Amino acid sequence: MRGKIEQLYHYPVKGLSAQILNYVPLEAGRGFPFDRVLGFARHDSGFFPGIASPIPKDRFLVLLKEERLAGLTSHFDQSTAILTIKVQGRRVYEGKLSAPADVESAVSFFSTMFELHGKERPIFAEAGERRFTDAAVVSTKLMNAVSLINLASLRELEGRTGLSIDGLRFRANIYFDGWPAFRELDLIDSEFTIGGARLKLILRTRRCAATEVNPATARRDIPVPRLLMEHYGHSDLGVYAEVLSPGIISPGDTIEIAGD
Amino acid sequence: MPVKQSLELVVSARRMLTEEICEFEFRDPTGSALPAFEAGSHITLETPGGAVRSYSLTNDEIERSRYVIAVKLDPAGKGGSSSMHRDLQVGSMMRVFEPSNKMNVVEAPRYLLIAGGVGITPILSISRKLTREGHPDFHVLYLTRSADQMAYADEIVSNCTHGNVTIHHSVESPDGRFDLADFIKDPDGTNIYYCGPKALMNAIYALTIHWPRSTLHFEDFDGVSSTGISAQPFNVRQLSSDRLFEIPSDKTILEVFRGHGIQPKSSCETGTCGTCRVALVSGDPDHRDLVLSESERQLFFIPCVSRATSDEITLDI
């Protein structure tokens, strides 16, 4: 069964914009580079620098709870550590997240936006060797998994519901096409390749209310998990995979399971 | 929960403000004072056609003898406005529910009042109040398609004596550079009050996405959540503490508990995963989840989406 990689994304800051990647070196046991390695944690998240245990996603400022995050267009430049946030094309924040004064301004930006003042001010969190993925609470393996969406599955859901559903609602690392719709959900534990890298599907991705948010309008407008449940009897769309052996992947690469 | 009182009022005056917008004035037929309202309020009434509609009050809140509304004829609508235009004459009686307000004027250093089309109605009442109270810093932005579709032009201009009004007609200046973004930038204590067609509401929502919610005030008479589910307020009694929590119509049980510093376990926030499941102890539940079976629903409850049909339910949460 052969398909093609369409797009690759990472999300340097948890909850903020997807950033397109054209060239991703995958390493065994590691997630997408610089994916969810920064975040703004709630004041009572228990986060401290160097913390070794995972923090549940609702302890961060995340789309699940705060749909307005989708109305911010952000970009984090790894080489300069500069985070830029725009609203309707106008810059509303720019700062170097390696500079404490700029970090304070970023925290103030979110503090104002979500009215989290005084002791409720969010805390800027850097994951260090870890990453702040939703699945981090399950296991280290899941923390470092890459997330995939089969575009045929998305189209099937669109067909059944009569709705246009932007794939970016699912905030995945890898979007691919060419496999039958929902086939990936039945192939957990199968190994597959993308270009020269070898991976294994490890878990179906159960969706949450973050997928209700329209990335273009920042409004909750489609009850995706409920629609999945109503049409398919489960609320899974997409899969997590672990990287078994390394390789560089790019859009256009073949995604293939041997013998299926 | 308190039920809004209804009043039998008489239409004491009507006049066309524009070709499509008709102003109606309601008074008590016995001449008694009407229940007081605050600027930004609306009344709900049953139109002659049977549809229930809400309309903002345009007159000054200090007036106790009348309610004044303006109704735009919506030819594509379900008949509420057309029945008002066609059937409500001076002398007609109307059942009117006493005023409610989602746009209360709060203390602020500066106000930006934005009206699109017939959305001028609550904005006019608010600007009357701010002028009367001598507030030093407020600006009205009034947007209509054309000058002849602009209701209350004179009243707005006479209320905004310090040049604090901007009027723009989209049809008459197609090349005219009008940019809402010139008026809405970064949060600075300004409180924005706005009312108008969906497109305007969405544009303002997008521009103020990073603004604190408490500084934004709007009336959206659709009243239905994004997932199409309407809601009534009710109470939840927490079994362990016997504390009673009020759940308003626009918040879920989990949201209210979090607001009190309690963190029930949860995950999907959409009624599909079962993580937040709690024991249902008493009361009449309004199950809205997609994860419990019928028999499970006798004993359990999903507080991220479900509500109650009784005034109170008790949960082991």
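Structure notes:
- Near A:Ser190, the amide H atoms lying under 5 Å from its own belong to A:Leu201; only residues 5 or more places off or on other chains count, and H is placed 1.01 Å from N.
- Fraction of beta bridges assigned by DSSP in the protein assembly as shown that are antiparallel (%, nearest 5): 75
- Of all beta bridges that DSSP places with both ends in chain B, some 60 percent have antiparallel geometry.
- Amide H contacts for B:Ser267 (H built 1.01 Å from N in the peptide plane; partners 5 or more residues away or on another chain; cut-off under 5 Å): B:Thr275, B:Cys276.
- Residues A:Val107, B:Val165, A:Val243 arranged by fewest to most Cβ contacts within 10 Å: A:Val107, B:Val165, A:Val243
- Sorted ascending by nearby beta carbons within 10 Å, beginning with the fewest, A:Thr73, B:Thr215, B:Thr161, B:Thr309 become B:Thr161, B:Thr309, A:Thr73, B:Thr215.
- With all pairs of different C-alpha atoms in the average, the Kirkwood value for the hydrodynamic radius of the protein assembly as shown is 26.7 Å.
- The equivalent ellipsoid of chain A has semi-axes of 30, 21, 17 Å, largest first, where each one is the square root of 5 times an eigenvalue of the Cα gyration tensor.
- When you count the other C-beta atoms within 10 angstrom of each residue and take the mean per peptide, B:311-317, B:192-198 line up highest first as B:192-198, B:311-317.
- Rg/Rh, computed from the Cα trace of region A:35-97 with Rh as the Kirkwood radius, has the value 1.00.
- Vicinal HN-Hα couplings computed from phi for region B:64-71 (Karplus, 6.51 cos²θ - 1.76 cosθ + 1.60; Hz; Gly/Pro x): 9, 9, 8, 10, 10, 10, 10, 10
- Euclidean distance between Cα centres, region A:109-168 to region B:1-59, Å: 47
- Over chain B: Rg over Rh, Cα atoms, Kirkwood Rh: 1.02
- Per-residue average of Cβ from other chains inside 10 Å of A:205-218: 3
- Radius of gyration, Dmax [region B:210-311; alpha carbons; angstrom]: 14.4, 45
- Treating r as the C-beta distance of A:Phe48 and B:Val90 and R0 as 51 Å, the FRET efficiency rounds to 0.10.
- Among B:His169, B:His42, B:His287, residue whose mean-square fluctuation peaks in a GNM of chain B (springs only between Cα atoms under 10 Å): B:His287
- As a rough guide to protection, the peptides A:111-122, B:109-120, A:129-140 ranked by mean Cβ packing within 10 Å, highest first, stand as B:109-120, A:129-140, A:111-122.
- Semi-axes of the equivalent ellipsoid for region A:116-260, computed as √(5λ) from the eigenvalues of its C-alpha gyration tensor and ordered from largest down, come to 26, 23, 13 Å.
- Taking all pairs of distinct alpha-carbon atoms in region B:1-78, Kirkwood radius in angstrom: 13.6
- For chain A, share of DSSP beta bridges that run antiparallel, in % to the nearest 5: 90
- Per-residue 3J(HN,Hα) values for region A:183-189, derived from phi via the Karplus relation 6.51 cos²θ - 1.76 cosθ + 1.60 with θ = phi - 60°, read 4, 4, 5, 8, 10, 4, 5 Hz in sequence order (x marks Gly and Pro).
- Under-5 Å amide H pairs with B:Arg237, H placed in peptide plane, nonlocal only: B:Phe245, B:Ile313, B:Thr314, B:Leu315
- Counting Cβ atoms of other protein chains within 10 Å of each residue's Cβ and taking the mean over peptide A:220-226 gives 5.
- Whole-Hz ³J(HN,Hα) from phi, Karplus 6.51 cos²θ - 1.76 cosθ + 1.60, for region B:105-110, glycine and proline x: 7, 9, 4, 7, x, 7
- Each helix, a run of at least 4 DSSP H residues, gives -39500 (n - 2.57); summed and divided by the residues of the protein assembly as shown, these come to -4000 deg cm²/dmol at 222 nm.
- Across region B:126-186, Cα-Cα pairs more than 20 Å apart make up 34 percent of the total.
- Against chain A, whose longest principal axis is taken from its Cα atoms, helix A:100-113 shows a tilt of about 80°.
- Counting only other chain Cβ atoms within 10 Å of each residue's Cβ, the peptide B:284-291 averages 2.
The numbers here are math on the coordinates, done by the rules we state, and not lab data. All figures in this text were calculated on a predicted structure; none of them were measured in a lab. Note: ideal-geometry Cβ built from the backbone for every residue, glycine included; neighbour counts use all protein chains shown.
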